[in-house]
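What follows is a set of notes on a single structure, which appears directly below.
The values are calculated or read from the model by the stated rules, or taken from the named source; none is laboratory data. Please read all numbers here as calculations on a predicted model, not as lab measurements. Using ideal geometry, Cβ is built from the backbone for each residue, glycine included, and neighbour counts are taken over all protein chains shown. Note: areas computed on protein heavy atoms with side chains; ligands, DNA, RNA excluded. Shrake-Rupley method; radii C 1.70, N 1.55, O 1.52, S 1.80 Å.
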Amino acid sequence: MKHLGTKELLGERLRLRRFVFGDAEAVYNVWASDDEVTKYLTWPTHQSVDTSKSYMEYSIPKYEEKDHYQWAIELKESHELIGEISVVNIEGDSAELGWVLGRKYWGHTYMKEAAELVIKYLFDEINVKEIIGKHDVNNPKSGRVMQKLGMHFEGIYPGAGKNNQGIVDLAVYRLKRDDYELHKNY
């Protein structure tokens, strides 16, 4: 792998960019304070904008690390911040994706577009061999995004995860480089 860090990625409707300190209020208002949005996440719902500010203070300096991949998802036309996508774990030549999207933006294929941009970057420029996605089995919408991305269902791992619901069963998906290469040519 050739780590290049988080760089701006542009899609048809989205701009994926680094977070800036001024994003804290939008992070709080759009997704981090919404119990329904954070229900299946591994971090707790933010109780105040100060928590989102602390999150920015923690996250932004990490951009100096070449193996840190975390993007704010922004609508290109309006510059609205709508969510986040990041590599939550790197093991060997594998990268695991995680994401969150404000509830107002669910059902518009924004996450699919954002993930496609990140997957292309990770395979084509970082040279990962596979991309992994995991979700709580009670959150099938995340699984549908993974399926639409061409990821293959690997299985369910009972009690393998922990999120705001407690200990949970995880569904695991993978996308290997060969499958990506085959898929991108169509």
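Set the bar at 27 Å for Cα to Cα. Now go through Lys53/Lys141; Lys39/Lys148; Lys7/Lys112; Lys141/Lys162 and name every pair that lies beyond it.
Numbers: Lys53/Lys141 29 Å; Lys39/Lys148 22 Å; Lys7/Lys112 19 Å; Lys141/Lys162 18 Å.
Check vs 27 Å cut-off fails for Lys53/Lys141.
Using only alpha carbon pairs under 8 Å that are at least six residues apart, calculate the relative contact order of region 132-186 and give it in whole percent.
Details: 76 pairs, mean separation 21.5, N = 55.
It comes to 39 percent, rounded to a whole number.
Sorting Arg103, Arg15 on solvent-accessible area from highest to lowest, probe radius 1.4 Å, gives Arg103, Arg15.
Between Asn89, Val20, Leu10, the Cα set farthest toward the positive side of the dipole of the chain (charges on each charged residue's Cβ, about the Cα centre) is that of Leu10. With semi-axes defined as the square roots of five times the eigenvalues of the C-alpha gyration tensor, the equivalent ellipsoid of region 1-75 measures 22, 15, 12 Å, largest first.
Rounded to the nearest Hz, the phi-derived 3J(HN,Hα) couplings of region 155-163 under the Karplus curve 6.51 cos²θ - 1.76 cosθ + 1.60 (θ = phi - 60°) are x, 10, 10, x, x, 8, x, 9, 9, where x marks glycine and proline. Across region 94-102, computed HN-Hα scalar couplings (Karplus, 6.51 cos²θ - 1.76 cosθ + 1.60, θ = phi - 60°) run 10, 10, 9, 8, x, 8, 8, 9, x Hz from first to last residue, x flagging Gly and Pro. With helices as the sole contributors, the chain gives -7000 deg cm²/dmol at 222 nm; each DSSP H run of n ≥ 4 counts as -39500 (n - 2.57), and the sum is divided by every residue. Taking 7 Å steps out from each Cα toward its Cβ at Arg174 and Asp35 produces label points 3.8 nm apart.
So which lysines can Lys2 reach, going by Cα to Cα under 19 Å and dropping same-chain residues fewer than 8 places off? Filter leaves Lys62, Lys66, Lys120, Lys129, Lys176. For region 43-106, the percent of C-alpha pairs falling in each 5 Å distance bin, counted from 0 to the bin holding the largest distance, reads 4, 13, 20, 26, 20, 12, 4, 1. Let me see the P(r) profile for the chain: every Cα-Cα distance counted, bins of 5 Å, each bin given as a percent of all pairs. In order of increasing distance, the bins hold 1, 8, 17, 20, 21, 18, 11, 3, 0, 0 percent.
Around the amide H of Leu14, modelled in the peptide plane, lie the amide H atoms of Lys76, all under 5 Å away and 5 or more residues distant in sequence or on another chain.
Under 15 Å from a label point set 7 Å out along the Cα-to-Cβ vector of Asn164, the amide N atoms of region 36-78 belong to 36-49, 51-52. Among Glu25, Glu154, the sequence by solvent-accessible area, most first, with a 1.4 Å probe is Glu25, Glu154. Scanning residues 5 or more positions from Glu80 or on other chains, those with amide H under 5 Å from its amide H are Leu75, with H placed 1.01 Å from N in the peptide plane.
Scanning residues 5 or more positions from Leu4 or on other chains, none has an amide H under 5 Å from its amide H, with H placed 1.01 Å from N in the peptide plane.
About the centre of its Cα atoms, the chain shows a dipole size close to 320 debye [charges on the beta carbon of Lys, Arg (+1) and Asp, Glu (-1) only; nearest 20 debye].
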